[in-house]
Protein chains: 2
Amino acid sequence: MSQPGKDTKSQRRQPLERRVIAEKALELIDSDGLETLSMRRLGTALGVEAMTLYHHFRNKAELLDGVLELLVEEMEVGLVESDPPLKRLRRVFENIRQIAIRHPSAYVLVATRRFRTIATLEFYERLLQTFREAGFNAEASARYFRVLAGFVNGAGLAEVGSRGLQPDATAIILEDFSDSENFPRVTEVVPHLRVTKLDRIFAFGLDLIFSAMEMELRGLGQTACE
Amino acid sequence: MSQPGKDTKSQRRQPLERRVIAEKALELIDSDGLETLSMRRLGTALGVEAMTLYHHFRNKAELLDGVLELLVEEMEVGLVESDPPLKRLRRVFENIRQIAIRHPSAYVLVATRRFRTIATLEFYERLLQTFREAGFNAEASARYFRVLAGFVNGAGLAEVGSRGLQPDATAIILEDFSDSENFPRVTEVVPHLRVTKLDRIFAFGLDLIFSAMEMELRGLGQTACE
DNA sequence: ACCTGAACACCGTTCAAGT
DNA sequence: ACCTGAACACCGTTCAAGT
């Protein structure tokens, strides 16, 4: 993922610049929200004219892809190469949820943008390689990848929501909701959905999926319990 | 959900207007994408000055909540009251995925906005009531609601992505991706993630979760198979 | 009660011009 | 090669004014 050396500061400056710009953009999103990020504000924060940014990114969409790449990097932190494949896979999906917690305002980029840059494709490649090492063929890899990614993305967005950080928070704050007269069911369930309970629920969901994966690897179908 | 009568056209015009505006907004989102919806364009489409809309919605966020309410209505279509609770629940979550397919550009509203209007809270109330009728207590309802909603939302966004309709489609189109030299794993998995395969994968994921629900209702823990 | 038009403070992006 | 500043065609929203 890196070949150091032959990298004098003046020579390889462009990729470095891109990264510095994307990092500042992520910083601004973290502090002020995704909605308020603009090329003009980002330029100002970097002490540069807004239009200068277009020299490094073709447009705002490409800049956001740059921010996404920073988040994707975080998906592989702490991976232990010697760990069994299923354990490494679980770690990746737990990391993705952590991104939702650490970068709630930026997480929507993970959930809604497709991964179509080289760096993000390389991440997919390594991830799918791990599925294969676990013993899944292409079909099963696709299936569990989709199920896991779907679940984790939805869980991540819920995490963002529970922290009250999605666009334009107003009116009812669900966390403290209480109206047992008109909404008895909502009122009794809300305490079980507080931010502090989401850890356990997320683990429960992952357990569900990873149990199915283990069973399938052992040659038992999903309904083997019946 | 409706008490007709005492509803002369002139008397109850405001709520009707709101709905007409929201419906036109959804129409514009469906045809041109969420990004390009603006108060000005919506006004023009309705043959009215943009600023008139502010008489019916306090701001754009409230308008988007109005659009969300239209989508939430679609989540309960085709529900058969006499069906067993688990079957009704499954139907709701299948409907949610159908919304992602029918309104791909609008679906991000479902996935990223919190439900905080009266109408959406009423939907939650009915949904959680169904969990209770199935036999779940508040804790289990919260847990399976979160897991199901997470999975379905993530799956919905994937559905949107696979249809190439998220913000600013460029560069690599994953559906036709092929580069077995540099990305062998991605290349072999991509055919299994085509739009035509997502039906089966979605059903597989739902089966996983609903099997766990059935087992828990029968008093068997999640790991009862071991 | 409902709608308008001008105005304010912003956007993303293009382009010709500077060094 | 890199940056700038003016300009274009937009935004959401406020507000005083119209009927």
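Descriptive notes on the structure:
- When region B:16-44 is filtered for residues that are assigned to a helix (DSSP H, G or I), surrounded by fewer than 20 Cβ atoms within 10 Å (Cβ to Cβ) and within 13 Å of DNA strand C (Cβ to nearest atom), the ones remaining, listed by number, are B:Leu16, B:Glu17, B:Arg18, B:Val20, B:Met39, B:Arg40, B:Gly43, B:Thr44.
- In the set B:Leu68, B:Leu127, B:Leu157, B:Leu148, only one residue is under 16 Å from the mean Cα position of the chain (by Cα), buried (at least 19 other Cβ atoms within 10 Å of the Cβ) and within 20 Å of B:Thr196 (Cβ to Cβ); that residue is B:Leu157.
- Residues satisfying the stated conditions in region B:24-59, i.e. without any contact (Cβ under 8 Å) to a residue 24 or more places away in the chain, over 15 Å from B:Ala106 (Cβ atoms), hydrophobic (A, V, I, L, M, F, W, C) and within 9 Å of DNA strand D (Cβ to nearest atom): B:Ala50, B:Met51
- Applying the condition of being surrounded by 13 or more Cβ atoms within 10 Å (Cβ to Cβ) and not in a helix (DSSP H, G or I) to region B:45-55 and asking which residue is nearest to DNA strand C (Cβ to nearest atom) yields B:Val48.
- As a summary of the residue check, A:Arg91 satisfies the conditions (1) assigned to a loop (DSSP other than H, G, I, E, B); (2) out of contact with any helix residue (DSSP H, G or I) (no Cβ under 8 Å at 6 or more places or on another chain) except for the one numbered (1).
- Of the criteria (1) modelled with pLDDT of 95 or more; (2) among the acidic types (Asp, Glu); (3) in a helix (DSSP H, G or I), which one A:Glu62 fails: (1)
- Under the condition of being farther than 14 Å from A:Gly154 by Cβ and surrounded by 17 or more Cβ atoms within 10 Å (Cβ to Cβ), the residues counted in region B:197-207 number 2.
- The residue that is farthest from A:Ala142 (Cα to Cα), counting only those in region A:105-128 that are out of contact with any Leu (no Cβ under 6 Å at 6 or more places or on another chain) and outside any helix (DSSP H, G or I), is A:Thr117.
- Sole exception among (1) outside the structural domain of B:Tyr144 (by TED's automatic domain parsing); (2) modelled with pLDDT of 90 or more; (3) not in a helix (DSSP H, G or I) for B:Gly78, by number: (1)
- Boolean, A:Arg114 is away from DNA strand D (no atom under 16 Å from the Cβ), touching a helix residue (DSSP H, G or I) at 6+ places or on another chain (Cβ under 8 Å) and touching a residue at least 24 places away in the same chain (Cβ under 8 Å): no
The values are calculated or read from the model by the stated rules, or taken from the named source; none is laboratory data. Bear in mind the structure is a predicted one, so any value in this text is a computation, not a measurement. Positions of Cβ are backbone-derived with ideal geometry, glycine not excepted, and every protein chain shown enters the neighbour counts.
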